[in-house]
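Worksheet: the structure to be examined is printed underneath.
The values are calculated or read from the model by the stated rules, or taken from the named source; none is laboratory data. No experiment lies behind these values; they were computed from the predicted model shown. All Cβ positions, even for glycine, are placed from backbone atoms using ideal geometry, and neighbour counts span all protein chains on display.
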Amino acid sequence: MKYRRLGNTGAVVSEIALGTMQFGGAGLGDLDFRATRQMVHLALDKGVNFIDTADIYGRGASELLVGKALAGIRHEVILATKARLPMSDTNLNRAGANRVNLMRGIESSLERLKTDYIDLYQVHSWDSSTPLEETLRTLDDLVRQGKVRYIGFSNYLAWQGAMALGLQERLGLEKFATAQMYYSLVGRDLEHEFLDFAAYSGLGILVWSPLAGGFLSGKYHRSSPPPVGTRFAEAGRFVPFDKESGWRVLDAQAKVASRLGVSPARVALAWLLGRPAITSVIAAARSLEHLGDNLAASGLDLSEEDRRELEHASNPGIPYPKWMVLQHDVAEDPRLRTLHPELFEAGGTWEDLRGKVWEG
């Protein structure tokens, strides 16, 4: 297992983290305590020191099982959880990133996880019903109280993350260290703006659903329905993506996996680990076999040929205004080529498209 800094902090975490949505009746595995303990200990034996959960997973059930599984060894891991999503169908104050809910949420998570602090406390998503300053001041209070070591956000737009970091800087508050975001070979939207924002700001990206809800595991084929017992057979697509593009990606994955003698899933995870600003990729599995295979992606080196093949098959295109930014900053401005020639060794990061004949 290889390790990386947790965003812009001094903490060190495994480049593959253990995800826990499948524990305790969360709807994506419903694994019991025995299975939870086995998976936690397998991950630790393989060098994982980073575990990510959330209060919403099974409405607390996942946190309960993780807390029990970590009995006696809790201080050996970096433990992350999240809050913001509804924990009640009737109490409106059991939802949101407001002071009432976050204060109550941290106490509940600490109790379920059987710990007196959370290493990384994350806002699960943007809350348009709560002033941002209220959220950020509350998170700062939790750090100052010693209940939280670091803070992060999840599922923010780039401008929302930028606004939050700017406000934290201006008010002298604890700053976000990480961003937990969806990213995969069939979901490369993060490249449009967010990766650049994270790299520029020093945020470490934690990738959720790196196998696109299991689609990139290689178990699925055009000509046959999803196998019985798989996530797709039980719940359909966990994340949206274009199906035809997905099949092209799977074909490319299979070719690369065959050359390397590894599973397609391992290839998909290794590709992510080579992308910029990635701190850790969160791997969740419903069997020890699949978890072990996922963890083996740490240290798998893909060649430039492998990466080009995967990226060609999964290329989402470049939307405006990013293509204009690249055109002006990379293709037309000679300074970057002079100051950073290494960026152009493989032919450049952006081709000058002016005067090109349109081929349909």
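With respect to the conditions (1) farther than 30 Å from Ala268 by Cβ; (2) of a type outside the set (Val, Ile, Thr); (3) touching a residue at least 12 places away in the same chain (Cβ under 8 Å); (4) assigned to a helix (DSSP H, G or I), Arg170 falls short on a single one, namely (3). Tell me, yes or no, whether the stretch 71-82 has at least one residue that is more than 25 Å from Ala270 (Cβ to Cβ) and in contact with a Phe, Trp or Tyr (Cβ under 7 Å, 6 or more places away or on another chain). Checked the stretch 71-82: at least one residue is more than 25 Å from Ala270 (Cβ to Cβ) and in contact with a Phe, Trp or Tyr (Cβ under 7 Å, 6 or more places away or on another chain). Of everything in the stretch 142-155 that is under 12 Å from the mean Cα position of the chain (by Cα) and farther than 17 Å from Thr9 by Cα, the residue that is surrounded by the fewest Cβ atoms within 10 Å (Cβ to Cβ) is Asn155.
The lone criterion from (1) without any contact (Cβ under 8 Å) to a residue 24 or more places away in the chain; (2) out of contact with any strand residue (DSSP E or B) (no Cβ under 9 Å at 6 or more places or on another chain) left unmet by Arg37 is number (1). Considered as a group, the residues in the stretch 156-194 that are among the aliphatic types (A, V, I, L, M) and more than 30 Å from Arg248 (Cβ to Cβ) include one that is farthest from the chain's Cα centre (by Cα), and that residue is Leu171.
In the stretch 135-167, the residue that is farthest from Gly7 (Cα to Cα) out of those that are in contact with a His (Cβ under 9 Å, 6 or more places away or on another chain) and outside any helix (DSSP H, G or I) is Asn155.
Only one of the numbered conditions (1) assigned to a helix (DSSP H, G or I); (2) touching a strand residue (DSSP E or B) at 6+ places or on another chain (Cβ under 8 Å) is not met by Ala199, and that is (2).
Among the residues of the stretch 216-234, some residue qualifies, meaning at least one is among the aliphatic types (A, V, I, L, M), modelled with pLDDT of 95 or more, out of contact with any Asp or Glu (no Cβ under 7 Å at 6 or more places or on another chain) and not in a strand (DSSP E or B).
Figure legend. Inter-residue proximity from the stretch 315-340: first residues at positive phi and surrounded by 15 or more Cβ atoms within 10 Å (Cβ to Cβ), second residues modelled with pLDDT under 90 and part of a helix (DSSP H, G or I), beta-carbon distance below 9 Å, spacing 6+ or different chains. No pairs are indicated. If you filter the stretch 84-98 down to residues that are touching a residue at least 40 places away in the same chain (Cβ under 8 Å) and out of contact with any strand residue (DSSP E or B) (no Cβ under 7 Å at 6 or more places or on another chain), you find that the one that is farthest from Ala54 (Cα to Cα) is Asn98.
Picking from Gly261, Gly246, which residue would you name as being surrounded by 15 or more Cβ atoms within 10 Å (Cβ to Cβ) and out of contact with any Asp or Glu (no Cβ under 9 Å at 6 or more places or on another chain)? Step by step, each of Gly261, Gly246 is checked, and only Gly246 is surrounded by 15 or more Cβ atoms within 10 Å (Cβ to Cβ) and out of contact with any Asp or Glu (no Cβ under 9 Å at 6 or more places or on another chain). Out of (1) part of a helix (DSSP H, G or I); (2) at pLDDT below 95; (3) under 30 Å from Leu6 (Cβ atoms), the odd one out for Ala268 is which? Condition (2) is where Ala268 drops out.
Give the residue that is surrounded by the fewest Cβ atoms within 10 Å (Cβ to Cβ), with candidates limited to residues of the stretch 7-28 that are over 19 Å from the mean Cα position of the chain (by Cα) and in contact (Cβ under 8 Å) with a residue 40 or more places away in the chain. Looking at residues that are over 19 Å from the mean Cα position of the chain (by Cα) and in contact (Cβ under 8 Å) with a residue 40 or more places away in the chain, I get Gly27. The residues on offer are Ser108, Ser129, Ser88, and the sole one that is out of contact with any Leu (no Cβ under 7 Å at 6 or more places or on another chain), surrounded by 15 or more Cβ atoms within 10 Å (Cβ to Cβ) and assigned by TED's automatic domain parsing to the domain that holds Asp55 is Ser108. Counting only residues that are crowded, with 22+ Cβ neighbours inside 10 Å, touching a strand residue (DSSP E or B) at 6+ places or on another chain (Cβ under 7 Å) and more than 22 Å from Leu102 (Cα to Cα), the stretch 41-74 holds 3 of them. Could you tell me whether the stretch 307-324 includes any residue that is at pLDDT 95 or above, assigned to a helix (DSSP H, G or I) and aromatic (Phe, Trp, Tyr)? Within the stretch 307-324, not a single residue is at pLDDT 95 or above, assigned to a helix (DSSP H, G or I) and aromatic (Phe, Trp, Tyr). When we screen Val100, Val123 for residues that are buried (at least 20 other Cβ atoms within 10 Å of the Cβ), farther than 30 Å from Gly317 by Cβ and at pLDDT 95 or above, the only hit is Val123.
Check whether at least one residue in the stretch 280-295 is loosely packed, with under 15 Cβ neighbours inside 10 Å, closer than 23 Å to Met21 by Cβ and in contact (Cβ under 8 Å) with a residue 24 or more places away in the chain, and report yes or no. So far as the stretch 280-295 goes, yes, one or more of its residues are loosely packed, with under 15 Cβ neighbours inside 10 Å, closer than 23 Å to Met21 by Cβ and in contact (Cβ under 8 Å) with a residue 24 or more places away in the chain.
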